[in-house]
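Worksheet for the structure shown next.
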């Protein structure tokens, strides 16, 4: 008796697709939005996640919660979105010019008009956290697609560097060049909007 | 004495970084550990370059805020789907469920 009810609950797997949108829609929507920074795209990703989840329903073993399982599917969709974005024709290095001199005895030193400025303590205070974050989000979305993709996968999805390289078709040395330049550009973008 | 000076000079050149290379190591440090030599080179550079020190502080702040953005608190969601969006989404699911 006990046994059969256990089996039954395992078979149904505790998935409740009739309540997916109500129970998890907003959470998944937020998760997608704060990565792709676009409401329509986020909505599409959530919808695609539900459809993919229905198809894979039988593979749910009940070892994780329904939300954890849906989130794993959504994460894959987010990575797919960035992978497609990144495989565009965009050149890896783009036309960003480094903020450093490239000749003379001061070769490799900051250019006088692009020295990092003091952001003050405001940028780090909890009071301004939301404003800073929204600027950061805008600046992330302004990075060249491949840099953005590498950055989001590395720092938001926390994939390993190897995985990030695989998804974005870049060599390890390429990866470090992208990370370096993306940091430089991101920092300058934030500074221009923040100060 | 001259030999000593020569050696010191060589060691200094070996340990010197320009800002381009220093910021590269700062960016790398946000992801992985630096080697002993890389760390030493960076520390020496940062002692004398306030701009790279700034870049370093700002990099740490940026990384922390990216992590903050990426963590979604289920009890404090900033965005909501509209009831219409939700209804539309659930309808797609229900249709697929019923089609089985």
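The values are calculated or read from the model by the stated rules, or taken from the named source; none is laboratory data. Predicted model only: the values in this text are computed from it and were never measured. Every residue, glycine among them, receives a Cβ derived from its backbone with ideal geometry; neighbour counts consider all protein chains shown.
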For residue A:145, all conditions in the list (1) within 11 Å of another protein chain (Cβ to nearest Cβ); (2) touching a residue at least 60 places away in the same chain (Cβ under 8 Å); (3) within 15 Å of the chain's Cα centre (by Cα) hold save one; what is the number of the exception? (1)
Quick test of your reading of the structure: residue A:164 fulfils all but one of (1) in a helix (DSSP H, G or I); (2) touching a residue at least 24 places away in the same chain (Cβ under 8 Å); (3) crowded, with 20+ Cβ neighbours inside 10 Å. Name the failing condition by number. (2)
Would you confirm whether or not the range B:59-74 contains a residue that is farther than 21 Å from residue A:151 by Cβ and more than 7 Å from chain A (Cβ to nearest Cβ)? yes
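Within the group B:45, B:33, which residue is out of contact with any strand residue (DSSP E or B) (no Cβ under 8 Å at 6 or more places or on another chain), free of Cβ contacts under 8 Å to residues at least 40 places away in the same chain and not in a helix (DSSP H, G or I)?
On the way: B:45 fails: not in a helix (DSSP H, G or I).
On inspection, the qualifying residue turns out to be B:33.
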On the basis of being more than 10 Å from chain A (Cβ to nearest Cβ), under 29 Å from the mean Cα position of the chain (by Cα) and at pLDDT below 95, does residue B:15 make the cut? yes
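Can you tell me how many residues within the range B:1-30 are part of a helix (DSSP H, G or I) and more than 14 Å from residue A:183 (Cβ to Cβ)?
First, the residues of the range B:1-30 that are part of a helix (DSSP H, G or I): B:2-15, B:19-29.
Narrowing further to those that are more than 14 Å from residue A:183 (Cβ to Cβ): B:2-15.
The number of residues fulfilling the criteria is 14.
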Based on what the data block shows, is residue A:136 facing chain B (nearest Cβ under 8 Å), in a helix (DSSP H, G or I) and out of contact with any strand residue (DSSP E or B) (no Cβ under 8 Å at 6 or more places or on another chain)? yes
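Determine whether residue B:40 is at the interface with chain A (Cβ under 7 Å from one of its Cβ atoms), under 20 Å from the mean Cα position of the chain (by Cα) and over 30 Å from residue A:44 (Cα atoms). Before the answer, list the steps.
Numbers: at the interface with chain A (Cβ under 7 Å from one of its Cβ atoms): no; under 20 Å from the mean Cα position of the chain (by Cα): yes; over 30 Å from residue A:44 (Cα atoms): yes.
In short, no.
With A:81, A:96 as the choices, which residue is at pLDDT 95 or above, farther than 18 Å from residue B:64 by Cα and more than 12 Å from chain B (Cβ to nearest Cβ)?
Details: A:96 fails: at pLDDT 95 or above.
Among A:81, A:96, only A:81 is at pLDDT 95 or above, farther than 18 Å from residue B:64 by Cα and more than 12 Å from chain B (Cβ to nearest Cβ).
Answer with yes or no whether residue A:120 is at positive phi and not in a helix (DSSP H, G or I). Spell out how you get there, then give the answer.
Numbers: at positive phi: yes; not in a helix (DSSP H, G or I): yes.
Answer is yes for this residue.
Taking the condition at pLDDT below 95 and either touching a strand residue (DSSP E or B) at 6+ places or on another chain (Cβ under 6 Å) or not assigned by TED's automatic domain parsing to the domain that holds residue A:180 (or both), does residue A:70 pass?
Values: at pLDDT below 95: no; either touching a strand residue (DSSP E or B) at 6+ places or on another chain (Cβ under 6 Å) or not assigned by TED's automatic domain parsing to the domain that holds residue A:180 (or both): yes.
Spelling it out, it is not the case that residue A:70 is at pLDDT below 95 and either touching a strand residue (DSSP E or B) at 6+ places or on another chain (Cβ under 6 Å) or not assigned by TED's automatic domain parsing to the domain that holds residue A:180 (or both).
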Considering residues of the range A:119-133 that are loosely packed, with under 14 Cβ neighbours inside 10 Å and more than 20 Å from residue A:34 (Cβ to Cβ) only, the residue farthest from the other protein chains (Cβ to nearest Cβ): A:127
Could you please let me know if residue A:25 is surrounded by 15 or more Cβ atoms within 10 Å (Cβ to Cβ) and either in contact with a strand residue (DSSP E or B) (Cβ under 6 Å, 6 or more places away or on another chain) or assigned by TED's automatic domain parsing to the domain that holds residue A:139 (or both)? no
